[in-house]
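I have placed the structure first, in the form of structure tokens, so that the comments after it can refer back to it.
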Amino acid sequence: QVQLVESGGGLVQAGGSLKLSCVVSGVDFTIKYIAWYRQPPGKERELVAGISGRGTTNYADSVKGRFIVSMDNAKNTWYLQMNNLKPEDTAVYYCNFPTGPGDYWGQGTHVTVSS
């Protein structure tokens with residue numbers, strides 16, 4: 001059974017940093033892509049960043065230059081380093097594993113940025 005578990009969220013002041021982790025288990029093949037999404041309060045879920053199995057990354061314009069997505073294949077763990085956080089980054093952050101039959105999601109981790 002595929003499972004994604006996020007961790008690392010919390011409360012931080014504007015300008016601060018957090019590093020989120022996503023541990024993926026139950027997968028017996030090479031993961032080609034993992035994405036990070038977020039859902040701000042009262043808003044729809046949006047794509048934040050993603051990374052392919054080859055290390056190619058993509059970012060939403062709102063986080064470019066501040067967030068860094070990375071992976072540690074040996075640990076089946078994906079990371080989202082978030083720097084220079086802003087109050088508008090407040091959201092529940094999810095990692096996502098898209099597959100042919102459908103997507104797998106973690107339970108989410110809360111990030112709150114105070115001004």
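Could you tell me which residue of segment 1-48 is modelled with the lowest pLDDT, considering only residues that are of a type in the set (V, I, T) and closer than 19 Å to A74 by Cα?
We begin by selecting, within segment 1-48, every residue of a type in the set (V, I, T); these are 2, 5, 12, 23-24, 27, 30-31, 34, 48.
Next cut, closer than 19 Å to A74 by Cα only: 2, 5, 23-24, 27, 30-31, 34.
On the way: V2: 93, V5: 97, V23: 97, V24: 96, V27: 90, T30: 86, I31: 90, I34: 97.
The residue in question is T30.
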Legend entry - Residue list for segment 74-88, filter: touching a residue at least 40 places away in the same chain (Cβ under 8 Å) and more than 12 Å from the chain's Cα centre (by Cα): K75, N76, N83, N84, L85, K86, P87, E88
Legend entry - Any pair with Cβ under 6 angstrom, 6 or more apart, that starts in segment 38-59 at a residue that is touching a residue at least 12 places away in the same chain (Cβ under 8 Å) and ends at one that is polar (S, T, N, Q): R45/Q39; G50/N58; I51/T57; G53/T30
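With a cut-off of at least 2 residues that are open to solvent by less than 20 Å² (accessible area, probe 1.4 Å), within 18 Å of L4 (Cβ to Cβ) and of a type in the set (S, T, N, Q), name the strands (runs of 3 or more DSSP E) lying wholly within segment 14-115. Lay out the reasoning, then the answer.
Details: elements: 18-25, 33-39, 46-52, 57-59, 67-72, 77-82, 91-98, 103-105, 109-114.
Here the list is empty.
The values are calculated or read from the model by the stated rules, or taken from the named source; none is laboratory data. As the structure is a prediction and not an experimental result, all values here were calculated from the model. Counting neighbours? That spans all protein chains shown, and the Cβs are built from the backbone with ideal geometry, glycine included. Note: accessible area is taken over every heavy atom of the protein model, side chains too, but ligands, DNA and RNA are not part of it. Shrake-Rupley method; radii C 1.70, N 1.55, O 1.52, S 1.80 Å.
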